[in-house]
Amino acid sequence: TRTTQRLNKALMQSSLPMRFFRKNAAPGFYNLRFRPSQGIDNNYVPFSGRWYAPGGSENFQTDRNPDNHQYSNNLFSQDVNEYRNRAFDYIYQIYAKLHRSNDGWTRSLVAYTSFCFLMAHQALFWKVHLFCFSLFTATRIRDRAAEPTVDEVNVLDTIFAHDKIKQLFSPETYHVIDYNQEWDKGRDNPYFPEYRTTTAKFFNTDSNTTSGFYKFGDVESGALMTLNFKTMPFANNKFNFSEPFMIYDMWAEITHDGTFSTERIVKAEEVLRTKRIFFYREDC
């Protein structure tokens, strides 16, 4: 039944980690992260959520005013609603992170694809190049606009192993109040001068690092904590290990019983002493 379907969706969403709830284009909460998105974030979410109506989220109570009915039998109106439901999150993500695609390599792909379009009527060679490079360019722009993520299991294991934090927070009583993670803009990070070289500037507009935070609360101790973290891409070919969002810096700001304290959990100086950022070009 419809009630059972809604209940299953609610149970599924309540069991998902916060990191699965990405930004989306539909109207909603203030930071737009509390509903699974159709956009790309390299995480698979088995989400079969409700259809979002033209006016936003689906109503849970019947509106008795016939003048408020926004649905239509118009064919084009249905196409627009289909687009908004299935593709608008992609477009929103690409637009929100379009600055990440403003590097020399992407601009070269766009220029060559446009040239192939102008030459397509001349020979099959240009038609094939137009088809292939259109896919290359679209894929790169889409991937550059992907939402960053973090290994939430690793984050929780790290904070609950900390001596000071585990006295105030426990796996049974903590809850997540808020979460955010965004790509860092620019190449001015003092830890990573590799991305300020000529080659790196051609392929990247930033250093592929991210900054984010969790806001935790504990229902028993009443403590609040803002967990700040920074990530970088890392790869170790010796062990065939790669982590595009490895945490290299993490600190917690804790408020409890009117007192404020800061705890350094992961120190950037110690991590970067043995690990180097992975410089990559993302050549489609």
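Would you confirm, using the coordinates I've provided, whether Leu130 is farther than 16 Å from Phe202 by Cα, open to solvent by 50 Å² or more (accessible area, probe 1.4 Å) and aliphatic (A, V, I, L, M)? No.
Against the numbered list (1) within 20 Å of the chain's Cα centre (by Cα); (2) assigned to a strand (DSSP E or B), Trp251 comes up short only at (1). Would it be correct to say that Ser134 is of a type in the set (S, T, N, Q) and without any contact (Cβ under 8 Å) to a residue 12 or more places away in the chain? No, not satisfied.
The set of residues in segment 147-181 being part of a strand (DSSP E or B) and open to solvent by 50 Å² or more (accessible area, probe 1.4 Å) consists of Tyr174, His175, Ile177.
Apart from one condition, Gly258 fits all of (1) surrounded by 13 or more Cβ atoms within 10 Å (Cβ to Cβ); (2) closer than 26 Å to Pro171 by Cα; the exception is (1).
Counting just the residues of segment 183-236 that are open to solvent by less than 10 Å² (accessible area, probe 1.4 Å) and in a loop (DSSP other than H, G, I, E, B), which one comes out farthest from Arg100 (Cα to Cα)? By that ranking, first place goes to Ala223.
Let's see how each residue does on (1) touching a helix residue (DSSP H, G or I) at 6+ places or on another chain (Cβ under 9 Å); (2) modelled with pLDDT of 90 or more; (3) closer than 30 Å to Leu98 by Cβ:
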site: Met119; (1), (2), (3): yes, yes, yes
site: Gln122; (1), (2), (3): no, yes, no
site: Phe131; (1), (2), (3): yes, yes, yes
site: Arg142; (1), (2), (3): yes, no, yes
site: Glu147; (1), (2), (3): yes, no, yes
site: Glu152; (1), (2), (3): yes, no, yes
site: His162; (1), (2), (3): no, yes, no
site: Val176; (1), (2), (3): yes, no, yes
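The values are calculated or read from the model by the stated rules, or taken from the named source; none is laboratory data. This structure is a prediction, so every number in the text was calculated from the model and none was measured. Here Cβ is always computed from backbone atoms with ideal geometry, including for glycine, and neighbour counts include all displayed protein chains. The protein model used for the area step is the full one, side chains on, heavy atoms only, and it has no ligands, DNA or RNA in it. Shrake-Rupley method; radii C 1.70, N 1.55, O 1.52, S 1.80 Å.
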